[in-house]
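First the structure, in the form of structure tokens, and then the observations on it.
The values are calculated or read from the model by the stated rules, or taken from the named source; none is laboratory data. Just so we're clear, the structure is a prediction, and the values are computed from it rather than from any experiment. A quick note on method: Cβ atoms are made from the backbone with ideal geometry, for glycine too, and the neighbour counts reach across all protein chains shown.
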Amino acid sequence: MSAALRELWFRAGVEEPVFSSDETRCWAKPEFNQLLSLGLLRETSQAQGVLCDCMEAHWEEVFWAPDVREPSGTRAYIACPVESVVVHVNPERLRRWAVDPQALASVLAGSLKLSGLIEPLPGGRQWALGRRHMAGRFREFFLASIEEGQLDNRIMDSPAPVVLVPYRYRNGGSTRLPMFSLSSVTTLADGGLILDLAYIEDALPAERSSTKAKAVQSFQVPEDARWEELALEIRDATVVMSIRNSWQELSLEECGLTDERQEGSTGDRALQTLRVLARHNGVFTSNEASGHEGTPFRSQISNLRKRLQAKFPIEGNPILYHGKARCYRCAFQVRLGADAGFATPYGSTWADFQFSEIAGGIILVSVKSKELFRAFGQKNDRAGRPSIEAAERDGLISREYRLVALGLADPTGRAMPEGQALLDFLRQSGKLVRRPDDIAVLRLAKQLQAWTGLDSSPFQYSPTTKRWIANFECSSVRGGKQAMIAPRCTSTSTLL
Ligand SMILES: [Zn+2]
């Protein structure tokens, strides 16, 4: 490392990191200029004193005296008591350069290719630099020019922090955070300040999921991604994340959602909170969850927020609070995973089902049912009010599903072959010209049987017409026939 850079790191750790002209004079000129052009050093106020050139090399305060020979009209002097003379001081010697911590933070964030905002942390002399993926997970990088004991909570609470310090005088500190001395991981090159990323990556604590680190890295969050573009599908043991045209299924561990397992609890706190939000499609009114496991929902949300920000290098707040409505709203899309199945009423057959494509990739599934509901009876009670009785009526249970939720499309919404077969059935009024051993149709049949819990096949093959015929009603807004969407409740109710 260049002498200038090493001096810079030594000095950057002190409270007022300033260099005198006498100090920088012995640095190589190109290095000094590079530090200036990177903005790491900037000229600051003139020195109030200098070292005397005499044998004693004592520090002496500068005084100014009028002098017509100077363009400024004054000349700098120090008094030397050793030699009992007044010595003229070249004003060049009074120039000083300060380490600019803000510029340092931004140069580091740039060299590390971090995303996110550079933020000064309370207490001063520490910065959140941003996030990037490294050694199997997203890491938050911090710059701290202070003692370890004074680190801000934001650093201490970060799920995966990497702390850069200018220079460490001692090895090992009170914290167990991954810490790197800039004095040992940086060099100056033509391209600017270079960090030894390979070394940092190698020295970081290995994740439990490090064997799958490669898979994790393939889920790339575009630099300009917004939370609105992220969709999470929370499944039992995995999370499917998608953004723009890429998607990936990761284990909870890989998502960092198994770190905070609590005694007597079913799982990770943040995961529980995420499930609550997913169950409500990302919008949740806070008073519904007061006292959830004893921890205020607000702090659970703030914990989850931090975990999401550590996982995804996306700017902004992933979970917003609407004070007026007292509700939390996820900026990203979140839902519970592939529907476990359709609540098929007892005794139903495929003939009771109706599948309609009501918009691109959205299927309305209806089934005839006997609905139980509360109704006013014809008799009055003793107080004269009508009695309340259970009643039954013929109705339709209708629910909308995206192909994704039916397990028939990938998380970006692209139909899989089975999904395409279903869409073809719906768009062609339940008839489909395909071979009797068509894999997509056979798979779709199995999947629909499992989903509805019906034993019989939803399709049959007709050898005479050489096509598949659906045993349920099919329609589509995209097909020849307009979708027939029956009202939710059709027939008259009958009292029991
Ligand atoms: Zn002197």
**OP:** Select, from Leu454, Leu444, Leu422, the only residue that is in a loop (DSSP other than H, G, I, E, B) and of a type outside the set (Ser, Thr, Tyr).
**Re:** Leu454
Original post:
Taking region 67-94 as the region of interest, how many residues are within 16 Å of the ligand (Cβ to nearest atom) and on the phi < 0 side of the Ramachandran plot?
Top reply: 15
**OP:** Scan region 11-30 for residues that are assigned to a helix (DSSP H, G or I) and small (Gly, Ala, Ser) and jot them down.
**Re:** Ala12, Ser21
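This table checks each residue for (1) assigned by TED's automatic domain parsing to the domain that holds Gly361; (2) part of a helix (DSSP H, G or I); (3) touching a strand residue (DSSP E or B) at 6+ places or on another chain (Cβ under 9 Å); (4) modelled with pLDDT under 90.
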site: Leu406; (1), (2), (3), (4): yes, no, yes, yes
site: Pro411; (1), (2), (3), (4): yes, no, yes, yes
site: Leu426; (1), (2), (3), (4): yes, yes, yes, no
site: Ser429; (1), (2), (3), (4): yes, no, yes, no
site: Ala450; (1), (2), (3), (4): yes, yes, no, yes
site: Thr490; (1), (2), (3), (4): no, no, yes, yes
Original post:
Can you name every residue in region 50-61 that is within 12 Å of the ligand (Cβ to nearest atom) and not in a loop (DSSP other than H, G, I, E, B)?
Top reply: Val50, Leu51, Trp59, Glu60
Original post:
Of the residues Trp64, Trp97, which is over 30 Å from Gly192 (Cβ atoms), more than 16 Å from the ligand (Cβ to nearest atom), of a type in the set (Phe, Trp, Tyr) and surrounded by 13 or more Cβ atoms within 10 Å (Cβ to Cβ)?
Top reply: Trp64
Subject >> For Ala103: the one exception among (1) within 19 Å of Gly191 (Cβ to Cβ); (2) without any contact (Cβ under 8 Å) to a residue 40 or more places away in the chain; (3) out of contact with any helix residue (DSSP H, G or I) (no Cβ under 8 Å at 6 or more places or on another chain) >> reply: (2)
**OP:** Please enumerate the residues belonging to region 228-240 that are touching a Lys or Arg at 6+ places or on another chain (Cβ under 9 Å) and at pLDDT below 85.
**Re:** Glu233, Ile234
Subject >> Identity of the residue in region 241-256, at pLDDT below 80 and of a type in the set (A, V, I, L, M), that ends up nearest to Met134 (Cα to Cα) >> reply: Leu250
Original post:
What's the number of the condition Ala4 fails, among (1) surrounded by 15 or more Cβ atoms within 10 Å (Cβ to Cβ); (2) part of a strand (DSSP E or B)?
Top reply: (2)
**OP:** Can you confirm whether region 81-101 contains a residue that is closer than 30 Å to Pro313 by Cα and in contact with a Ser or Thr (Cβ under 7 Å, 6 or more places away or on another chain)?
**Re:** yes
Original post:
In region 31-49, what residues are part of a loop (DSSP other than H, G, I, E, B) and either within 16 Å of the ligand (Cβ to nearest atom) or of a type outside the set (S, T, N, Q) (or both)?
Top reply: Leu38, Gly39, Leu40, Ala47
Original post:
Which condition number does Thr24 fail, the rest of (1) at pLDDT below 90; (2) away from the ligand (no atom under 16 Å from the Cβ) being met?
Top reply: (1)
Original post:
Just wondering, is there one or more residues in region 340-353 that are under 22 Å from Thr258 (Cβ atoms), modelled with pLDDT of 85 or more and of a type in the set (A, V, I, L, M, F, W, C)?
Top reply: no
Original post:
Quick one: is Val185 surrounded by 11 or more Cβ atoms within 10 Å (Cβ to Cβ) and modelled with pLDDT under 80?
Top reply: no
Original post:
Which pairs do you get when a residue that is closer than 25 Å to Glu83 by Cβ and in the same structural domain as Val85 (by TED's automatic domain parsing), found in region 43-56, comes within reach of a residue that is of a type in the set (S, T, N, Q) and more than 8 Å from the ligand (Cβ to nearest atom), reach meaning Cβ atoms under 7 angstrom, with the pair 6+ apart or on two chains?
Top reply: Ala47/Ser20
